[in-house]
Amino acid sequence: MKAEISQALQKIISDLRLGEAVLTDSERFRGALADVLHGSANEPTRNLMNIAISMDVYNRLKAATEGDMSTAIRSMASEMNRKHLIPVDVSLMAIESIAELLGYVPDAAITKSFITEKSASIIKTMTFGSRDWLVLDEREGKRLIISKIVLEDRAYHEPSGDITWESCTLRKYLNGEFLNTFSEAEKGKIVKSPIENKGNPWVDANGGDDTEDNVFLLSLEEIVQYFGDSEVLKEIARTNYYISDEFNNNRAVKNTEGVASSWWLRTPGSRAGETISVLGGGAIYEADASDNSKCSAGVRPAMWVNI
């Protein structure tokens, strides 16, 4: 892939004779790239370079001093991996290809060290029970997985009323009817796990008793841990009731029909009968939350499974 990216960039410079200026103008870059790659490069490469354009990679690299170039490359590769879920080795190849146009010579030892260092934080995917899952954590022979997409829409609890994760009907459904959609062999790999149910960190809302579940929803703390932490949870005095930050893209997800969808967490909202949810654009509605009986939001089950 790196050779393909490098060839495409060189064609933009030489074959089209557009010169360096095209790399400083995102609209010209996008148009030239489309002309060069049309019909000759695969879709992932086109998408990858469009992401590089959106991140303004060329201008940011050009602004870096010679001594800081490798640091800038690693930083942007991490950003591409974290925000756009591009594997870190592919991210690094794309950034280095653009840096080479500025005369940068990649250091193989630094490249290998960076990929090894970041490999533990790469968001992986796996198939389990005929569904696709994101791997959020891996330890002691187990993986924490969450559905890659919203699987369905459901109320958090019916009928309406003050409720916590321990007693909600969605928990009953996930650990009953949903769990039984797996084969006996698959259910044998699902680990019944202790679940800590904290309250809302900004208001006096009780999270209920801790539980043990085969299938569960992520908490507010867990989504910040695994999808990106802008340290908003540390800001106790707040006037807004949501988290909207640079990690919105990580949290944004589509449903089975390819439409952006909100999805439930298990942390309570600010008032009785409300539960925190992630909006379709990825912002977290964390205090003035969704009515958990009148509002059907998306369900992204999570579970620990033995490898």
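Side notes on the structure shown:
- A single entry from 65, 71 fulfils the requirement of being modelled with pLDDT under 80 and farther than 30 Å from residue 254 by Cβ: 65.
- Residues in region 253-274 that are surrounded by 18 or more Cβ atoms within 10 Å (Cβ to Cβ) and either under 26 Å from residue 132 (Cα atoms) or without any contact (Cβ under 8 Å) to a residue 12 or more places away in the chain (or both): 253, 255, 261, 262, 263, 264, 265, 266, 267.
- Residue check, residue 243 β-branched (Val, Ile, Thr), surrounded by 17 or more Cβ atoms within 10 Å (Cβ to Cβ), at pLDDT below 95 and assigned by TED's automatic domain parsing to the domain that holds residue 281: yes
To keep it simple, each residue is scored yes or no on (1) among the aliphatic types (A, V, I, L, M); (2) out of contact with any strand residue (DSSP E or B) (no Cβ under 6 Å at 6 or more places or on another chain); (3) modelled with pLDDT under 65.
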residue	(1), (2), (3)
46	no, yes, yes
59	no, yes, no
82	no, yes, yes
88	yes, yes, no
92	yes, yes, no
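- Among residues of region 140-171 being among the basic types (Lys, Arg) and under 21 Å from residue 128 (Cα atoms), the one that is surrounded by the most Cβ atoms within 10 Å (Cβ to Cβ) is 171.
- The single condition among (1) surrounded by 14 or more Cβ atoms within 10 Å (Cβ to Cβ); (2) in a loop (DSSP other than H, G, I, E, B); (3) at pLDDT below 85; (4) not hydroxyl-bearing (Ser, Thr, Tyr) that residue 280 does not satisfy is (3).
- Within the set 153, 162, 210, 204, the sole residue that is under 15 Å from residue 300 (Cβ atoms) and not aliphatic (A, V, I, L, M) turns out to be 153.
- The listed residues are 176, 208, and the only one of them that is in the same structural domain as residue 243 (by TED's automatic domain parsing), among the small types (Gly, Ala, Ser), over 24 Å from the mean Cα position of the chain (by Cα) and surrounded by fewer than 16 Cβ atoms within 10 Å (Cβ to Cβ) turns out to be 176.
The values are calculated or read from the model by the stated rules, or taken from the named source; none is laboratory data. Keep in mind that this is a model prediction, so the values were computed, not measured. FYI the Cβ positions are ideal-geometry reconstructions off the backbone, even for glycines, and counts take in every protein chain you see.
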